[in-house]
1. Using 0.36 nm times the number of residues separating Ala71 and Ser142, minus their current alpha carbon distance, what extension gain do you get?
2. If you build the convex hull over the alpha carbons only and average its shadow over all orientations, what do you get for segment 159-275? Give it in nm² to one decimal.
3. Which value at 222 nm does the chain reach when only helices count, each DSSP H run of 4 or more adding -39,500 (n - 2.57), with the total divided by all residues and rounded to the nearest 500 deg cm²/dmol?
4. May I ask you to sort Met464, Met340, Met97 by Cβ crowding, counting other Cβ atoms within 10 Å and putting the fewest first?
5. Using a Cα-Cα cut-off of under 17 Å, which lysines could be cross-linked to Lys387, ignoring same-chain neighbours fewer than 8 residues away?
6. I'd like the distance separating the alpha-carbon centroids of segment 279-335 and segment 195-266, in whole Å.
7. So for the pair Thr27, Arg177, with labels modelled 7 Å out along Cα→Cβ, what separation do we get in nm?
8. Relative to the present Cα-Cα distance, how much length would full extension add between Arg459 and Leu234 at 0.36 nm per residue of separation?
Amino acid sequence: MTYLNDQSESLLFQLQHLGGLPIWEGTAAYGHADEATVRALLEAAACFAEDRLLPLAATGDRQGCTLAAGAVCLPEGSRAVYSEWVGLGFPGVGLPMDIGGLGLPLAVQCAVQELCDGANLALGMLFINLRCAALALLQSASEEQKARWLPGLLAGTLASTIVISEPQAGSDVGRIRTLATPSSDGSYLLQGTKIWISYGDHDATAEILHLVLARTPGAEAGSRGLSLFAVPKLRDGTGNGTRVARLEHKMGLHASPTCVLEFDEARGELIGTLGKGLQALFVMMNAMRLAVAVQGAATANAATLQAWRYAAERPQGGSSQQPAVAIVQHADVRRMLLEMTAESELARSLALRIAGLFDQAVLLQSSSPAEASLHQQLAEFILPIAKTCNAETAFTVANTGIQVMGGYGYTSDYPMERLARDIRVAAIYEGTSGIQALDLQRRKLVGDGGRCFKELLRRIDATMAVGQTPFVTAWSEIRGLLLQRAEHLLSLPKEELSQADGGAYPLLQLFGQGLHCWNGHELLLAASTTGQQRRLVTALKLLATFLPSRARLWAVRATQSITLD
């Protein structure tokens, strides 16, 4: 698999034509993100992914993580590769320049993440935690706290976690019981058990900063009583009341430790305001969900490249009187490969589209706050769609890749089965697909009276008015289906909205088909005009033909009322 030649070039192509690269040049915020700089960064990330991350993926999967004497050890080689990643400056790619980051657009950060995750999803999760924690501290921590912790996160000497779930409180965060009791010195003593904590302990860094949701004594019940606390693993060089009780044994991501963490009077500090823990985590939750969308794009594209390479080299079939032909010449195999290509490229587009909208919000903040806010809202509207669709698409694409490879795809001789195992959890963590669907339907669509939805339609319509591709015809039908369902939901009395919850997931999928039209149209026009990406052109044209039939099915399912007898 040649990341340097395939992945980085495809990412640069999408950044040029969909991700916002032409917009950045000459701006005060991102003027330094010119094409030459972005290309050099992507090539460096691709080289690192291919040379260092990719070889570690298979061995890390086989070895897994170990827990001994309360400490977690990562698979052999993980610490060295992490140190190299830090030494190359990757932690600061998407963080502001005024704290020592590179200040590059979020779309570039996503492209770099995709290259790393496509090579080694398990270790890439450590990278994501670090960046998202920095964003949360930037928004809500005091200046003194920022000065104390941000340099370590940027230098990679300090790792971080996001500590939310408990045995009785997964996505239902209002049932969190972990208690943070005020101490006389202004700190808090935390007591409770947390589960599903990715990289809750490891040996890549000596210190880990746990960002923990907990409630204080007498706090309001439910989510409004939650606050955010920073709890270091160590205090004065020794333990700080945190203990790894167990490592989870999982279907995939064996090289990423998922821990049960126990807090026994662990001393921490309040981040932000009491009772505003979810608000303090909001920027980090957005970043994490976008990161999951990127994980999906990374896995789908890695699986697609692996499948094409295998199909071109695997001889099988043809006349018995002649040498066997490569299976890529068989029509059914080409069908699968082209479908994988279209799905994986559109997954990439979804993630970059959101990142581009967030980037434009930054660029417009000083000149047009209202426009900046609109771009932010559009990005947040699409976010649950991208998180869900990309997570599920990646698993489907990897599963198709196994089919392309036949029996070999089912073995550990090739990475395809690991890709499928590793990405399966992406549709679960950071909010399951059902939760994302409810967020889209209740909050993003109905919650603001359909204003953001109508703006999204307007923008897609404007794009479709330029040029002609098969996606224009597909969009015409899908648009009508979306409008019909949205108008119905917006007309419902508030007390009847819960009855429509059973259609939220199909509605999210219907939105996904519409966004594929938007992104596919722009990609197809760019690829056809430049004469590049000939395989992409063929794949997108094929996909466009069956998007309407997919959409009709989801539209029917969105109207069905789900009840239990």
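Values quoted throughout were computed directly from the atomic coordinates according to the rules given, and no laboratory measurement underlies them. Computed from a predicted structure; not experimentally measured. Here the Cβ positions follow ideal geometry from the backbone for every residue, glycine too, while neighbour counts run over all protein chains shown.
1. On the way: separation 71, 0.36 × 71 = 25.56 nm, distance 3.07 nm.
Additional length available on full extension: 22.5 nm.
2. Mean orientational projected area (segment 159-275, Cα hull): 7.4 nm².
3. Details: 17 runs with 302 residues, N = 565.
Rounded to the nearest 500, it is -18000 deg cm²/dmol.
4. Details: Met464 21, Met340 27, Met97 12.
Going from least to most buried by this count: Met97, Met464, Met340.
5. List returned: Lys444.
6. For segment 279-335 versus segment 195-266, the Cα centre distance is 35 Å.
7. 4.8 nm
8. Separation in residues times 0.36 nm, less the Cα-Cα distance, equals 76.0 nm.
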